[in-house]
1. Which distance in Å, rounded to a whole number, links the C-alpha centroids of the stretch 207-222 and the stretch 456-487?
2. Accessible area per residue of the stretch 427-512 at 1.4 Å probe, in Å²?
3. Leaving out same-chain residues fewer than 8 places away, which aspartates and glutamates sit with a Cα under 12 Å from that of Lys499?
4. Whole angstrom only: what separates the Cα centroid of the stretch 371-434 from the Cα centroid of the stretch 278-323?
5. Any idea how far the Cα center of the stretch 329-352 sits from the one of the stretch 491-522, in Å?
6. Using a 1.4 Å probe on the protein heavy atoms, what percent of the accessible area of the stretch 205-312 belongs to carbon and sulfur?
7. Per residue of the stretch 299-311, in order, report the coupling 6.51 cos²θ - 1.76 cosθ + 1.60 (Karplus, θ = phi - 60°) as ³J(HN,Hα) in whole Hz, putting x for Gly and Pro.
8. Return the FRET efficiency for the residue pair Arg257, Ser497: r is the Cβ-Cβ distance, R0 is 35 Å, and the value is rounded to the nearest 0.05.
Amino acid sequence: MYPFGSGGPPPPNSSAPYPQAPFGSGMPQPGQAPYPHSSPYPHVSPYPPNPSSMPYPNYNPNPGYPSQTPGYPPASTYPQGGGGYPQGGGGYPQGGGGYPPQSSAGYPPQSSAGYPPFGAGYPPANTSSPYPGSYPQTPSSTPAVTSYQNPYQPAPANPYPSQAPTGTGGLYPGMPGAGGAAMGMAQCFGEMKTHVTRINSEIKSKGTPTVRAAPDFNPVADAQALRKAMKGFGTDEDALINVICRRSNEQRQIIAREYKTNFGKDLIEDIKSETSGNFENLLVALMTPIVDFYAKELHDAMSGVGTDEDVLIEVLGSMSNYEIHTIKFAFEKIYGQSLENQLISETSGNFKRLLVSLCVGGRDESGVTDPVAAQNDARELLKAGELRIGTDESTFNMVLCQRNYAQIRLICDEYQKMTGHTLEKAIRKEFSGDIMEGLLAIIGVVCNKTEYFASLLKKSMAGIGTNDRQLIRLVVTRCEIDMADIKTAFERLYGKSLKSWIKGDTSGHYKHALYALIGEERSS
């Protein structure tokens, strides 16, 4: 099982044909389409096709959401003389000839709401699993799902360039004549192979963690070791570090269950009573189920006097759709109100609209790019910012919160070609305050996520004093995803190792625990 917070897909599916990605990596689930706008079929473009290039006269560009009565193609597709839907079978070929009846056999069943039934895609409902916990159905306060409106203009060219010219002698209208079935099948398998290669490449590049699930895991022995470390007079902090900091979050939840089963005591409460300060805060964060940890960080960022906007930007700006939806369920379960409502009440203006857009979790995650659409978007961003007096914030919000990451990178490239400078520079010029930081965070995550988190780590330790809460959150959430890559980026950007920065800003067992989590050996 992969960790939550990696921006990755839903929990592992034993029948899934593709390898899974860590939760929190921002990567969609390969081969699945849990959202109405993302196609589950690798060879289908998310952009509206040119009607003249449709391979079937009744082609539906949104498979899984038929607009006509299931089982019957539109009346216009019948041969001459077959006006409308024939009665008693008249006019419609029998025995499978002519136009085969449409059915849902080739498409995965989907609910009428557009999202898969709860438990089928996310969050998991396996009550026997200790992590992450199951969450309730969509809360009544959550807005109803609306149909997805594709933001791109119809593609001017055939979206299937590999398709052979159409003929008249094939089995289906608009398909090639001789050899049409074989050619169509070859094209299908060719596109599938390309898709699988892309997915595998993305998953391999997801990151290198510094904390992995321990092999030969024995939760009972770990629970006993923790009990021994905290029983009696004094505490063996090194024993706590060796167990808690060298297990995955999922394994820690199993240890906590075994601890309570064997000793009748809550592990987190014992840790709180036996440790203190930042060392206590770090261990408690590690022992908290990662979904609940994210929900708590968001809640605490908005509770009390003032709002910690940096936390909201960091979390919502780096999560995949699945992760955002899971956090929203956890948030409402724990705190009794929707995350979106609290964001609306605690923020304002354009920054509020940006956060609400991210909180919807409706980003295109197909990974499919359209160069023409990228040029159009870059041109619209230029018109909305540098080419006018004032700034049309809604255009930036729409583009950066809807387009998939690969498309945004293409838009950034096109913007630089048009203007001679980066989109990031334009955002710094046209915006200020929280909205600027939010938009820059999206660009940073899209273009180089490891450098983005390296900059946040530096920010947590730069200047007078240390933002220990931010440092703990970053280390806890990234150590099972890509901390090794972040360390490399950190040293490349700032000329000093992450370990040396931690050594200069922390001390004692707190420092040694951080060392263990970032994959460094203990030092004095």
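1. 21 Å
2. 39 Å²
3. Hits, sequence-local ones excluded: Glu491, Glu520, Glu521.
4. 29 Å
5. If we compute the Cα centre of each part, the gap is 34 Å.
6. The C+S portion of the solvent-accessible surface of the stretch 205-312 is 46 percent.
7. Per-residue couplings from phi come out as 5, 5, 5, 10, 8, x, 7, x, 10, 8, 5, 4, 5 Hz.
8. E(calc), rounded to 0.05, equals 0.40.
The values are calculated or read from the model by the stated rules, or taken from the named source; none is laboratory data. Quantities reported herein were computed from a predicted structural model and do not represent experimental measurements. Every residue, glycine among them, receives a Cβ derived from its backbone with ideal geometry; neighbour counts consider all protein chains shown. All accessible areas refer to the heavy atoms of the entire protein, side chains included, with ligands and DNA or RNA removed. Shrake-Rupley method; radii C 1.70, N 1.55, O 1.52, S 1.80 Å.
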